[in-house]
Amino acid sequence: MTKDHGPSIKNDEKYEALLREGMSKTKAARIANTPNSGKKGGNAKKYEERSKQELYEKAKEVGIEGRSKMTKKELISALRNS
């Protein structure tokens, strides 16, 4: 049975699986709290092919701070390292 991690974690099962894979608590929580984190598709465009606005929206979705002052290149780097 999956442990209840409280209201701050939306998908406890996904959170625990990510922790077992070696992710940090912060990154695991961010992914587990993303509404579509369990869906697979593989049809996303590469970051370089996206507009700065698309990258900004993705950064907003995953909670990257300071995104409004970032260049496209910085947004790509932040998204890859988050």
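Read-outs: derived from the displayed coordinates by stated rules, not from any lab. Fair warning: this is a prediction, and the values are worked out from it, not measured in the lab. Neighbour counts are summed over all protein chains in view; Cβ atoms, including those assigned to glycine, are modelled from backbone coordinates with ideal geometry.
Taking all Cα-Cα distances within the chain, those exceeding 21 Å account for 36%.
Computed from point charges on the beta carbon alone (+1 for Lys and Arg, -1 for Asp and Glu), the dipole magnitude for the chain about its Cα centre is near 300 Debye.
Taking each residue as 0.36 nm, the span from Glu21 to Glu57 lengthens on full extension beyond its C-alpha to C-alpha distance by 10.3 nm.
With contributions of -39500 (n - 2.57) from each DSSP H run of at least four residues, the per-residue ellipticity at 222 nm computed over the chain stands at -13000 deg cm²/dmol. Of Lys25/Lys73; Lys10/Lys60; Lys3/Lys27; Lys45/Lys73; Lys45/Lys72; Lys52/Lys73, which ones are farther than 20 Å apart at the Cα? Lys25/Lys73, as the Cα separations exceed 20 Å there.
For Lys46, a cut-off of 20 angstrom between C-alpha atoms picks up these aspartates and glutamates, skipping any fewer than 8 places away in its own chain: Glu54, Glu57, Glu61, Glu74.
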